[in-house]
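Single-structure report; data block below.
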Amino acid sequence: MKTDVLALFEYGVQLVTLMASVGGIAYYLMAAAAARKLRKRRERETPVKASCPPMSLLKPVGGVHSGLEDHLESFFRQDYPSFEILFAVQEPSDPVVTVVERLVARHPHVPIRLIIAGESPYPNAKVFSMEKMAARARHETLVITDDDTSVGPGYLKALARSFESTGVGAITNLYRGIAGSDFWSKLEALGMSTEFMAGVVVAERLEGMKFTLGPSMAVRAECLQAIGGFAALAEYLADDFVLGERVDQAGYQVLLSTHVVNHHASSIGFVNSFEHRLRWNRSSRFSRPAGYLGQGITYGLLWGCLFCAMAPNSWGLGVLVCALTARAWLALELGRELLEDRTVLRGLGLIPLQDLLSFVTWVGGFLGRDIVWRNQRYRLLEGGRFCRLSGIGEKSKMSSPLAPSGREGPG
């Protein structure tokens, strides 16, 4: 009797892992096809002379990390006739102020303003900074990018072309992961280019864009006002997701631009990289619980390995080979062809490890609701909201030549 129960259990596990493997392989094929469709769309797009409305670039910044100055400087080098850049920091003593001052000195022709936002009354301090900058922006098109994003000189022109349609309220961009010198940074960047963006292109293919991505978001001022301004995002950790969701709900179109930007993986070391992945997974779980649960089917390679281990025969080996082939095709079609990430081919051998780490942090996303973000401890709440639990102590304030007395800098 005991033997029968064990045999039944083993059969059940084999069946579950087989179904998950097949589902994962189907997902890989769907994502690769969606990536190819977007690439073909980009190839068909003929460069037309678009109008170039003036734009305000909003850059919430805080602290200094490797490569920051180069990332920020890429926005100063835009081949675009009229734009301004607004930076916002919480305190004038932040070391990033010195970085901004150097950039201002090197690019005196670019209108710049530095805003000292002060202590945020919102759980999401980044949103508070965005609200402060939007209130001082001179132009109707607002472009928000993270400080770990860099772009090419044609970035703003690509946004202008996408805004040619009057129904478009917000635009977000495809992005490739760019690694630092650290191994775990390389693994995280590989995951961005070959795993995370797969979910984005599948969502765009199935239902259109109903969210935006933090590395690059652009929104019309009238659209932002229609959804209640940045204050409507104040209680959410995934402000980028909610921004696109609210824009879509307000009846505007959210467009996924095929112009690719760079998202730099700045987490150094295993612990920092793991915590970053875990924070993102827990945020996703509370922002979109049904979608997060369904994310489990996307790990087709791991399910294929488990099925092969449970069924060490030709069937098991066949499923594993199919999973490996489909996963490799997705990585190449998405990462190398659509995102033009030339490091993907060299990183193919690391994909099983990247997927394993991603799976572990996905499971970890179910096991708690507390996160640490920007030296603050928060608790995630239902619906994607969050609240602060504790934080670092108050820092001493210093005046800044660029923004004296806590006010705007010149520009």
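Things worth noting here:
- Check on Ser74, surrounded by 13 or more Cβ atoms within 10 Å (Cβ to Cβ) and in a loop (DSSP other than H, G, I, E, B): no
- Pro92 meets the conditions (1) part of a helix (DSSP H, G or I); (2) touching a Ser or Thr at 6+ places or on another chain (Cβ under 6 Å); (3) surrounded by 19 or more Cβ atoms within 10 Å (Cβ to Cβ) in every case but one. The failed one is (1).
- Restricting attention to the range 108-122, the residues that are over 10 Å from Phe76 (Cα atoms), crowded, with 20+ Cβ neighbours inside 10 Å and of a type outside the set (Gly, Ala, Ser) total 4.
- Residue list for the range 265-318, filter: within 18 Å of Leu367 (Cα to Cα), surrounded by fewer than 19 Cβ atoms within 10 Å (Cβ to Cβ) and of a type in the set (A, V, I, L, M): Val271, Ala290, Leu293
- Qualifying residues in the range 234-264 (those that are of a type in the set (S, T, N, Q) and over 13 Å from Met217 (Cβ atoms)) - the one surrounded by the fewest Cβ atoms within 10 Å (Cβ to Cβ): Gln249
- Lone qualifier among Val363, Val321 - being part of a helix (DSSP H, G or I), at pLDDT 95 or above, over 29 Å from the mean Cα position of the chain (by Cα) and exposed (fewer than 14 other Cβ atoms within 10 Å of the Cβ): Val321
- Failed item, numbered, when Val22 is tested on (1) among the aliphatic types (A, V, I, L, M); (2) farther than 30 Å from Asp182 by Cα; (3) free of Cβ contacts under 8 Å to residues at least 40 places away in the same chain: (3)
- Residue within the range 205-220 that is assigned to a loop (DSSP other than H, G, I, E, B), touching a helix residue (DSSP H, G or I) at 6+ places or on another chain (Cβ under 8 Å) and β-branched (Val, Ile, Thr) present: yes
- If you go through the range 146-189 and keep only what is of a type in the set (S, T, N, Q) and either under 22 Å from Phe87 (Cβ atoms) or not in a loop (DSSP other than H, G, I, E, B) (or both), you end up with Thr149, Ser150, Ser162, Thr172, Asn173, Ser185.
- Extreme residue, farthest from the chain's Cα centre (by Cα), among residues of the range 148-194 that are of a type in the set (Lys, Arg) and closer than 30 Å to Val271 by Cβ: Lys186
- Cβ-Cβ under 7 Å pairs, at least 6 apart or on other chains, the range 202-220 side on the phi < 0 side of the Ramachandran plot and assigned by TED's automatic domain parsing to the domain that holds Ala170, far side assigned to a loop (DSSP other than H, G, I, E, B) and not small (Gly, Ala, Ser): Gly214/Asp146; Pro215/Thr145; Pro215/Asp146; Ser216/Thr145; Arg220/Glu140
The values are calculated or read from the model by the stated rules, or taken from the named source; none is laboratory data. Quick caveat, the model's predicted, so the values are computed rather than measured. Neighbour counts run over all protein chains shown; Cβ positions are idealised from the backbone, glycine included.
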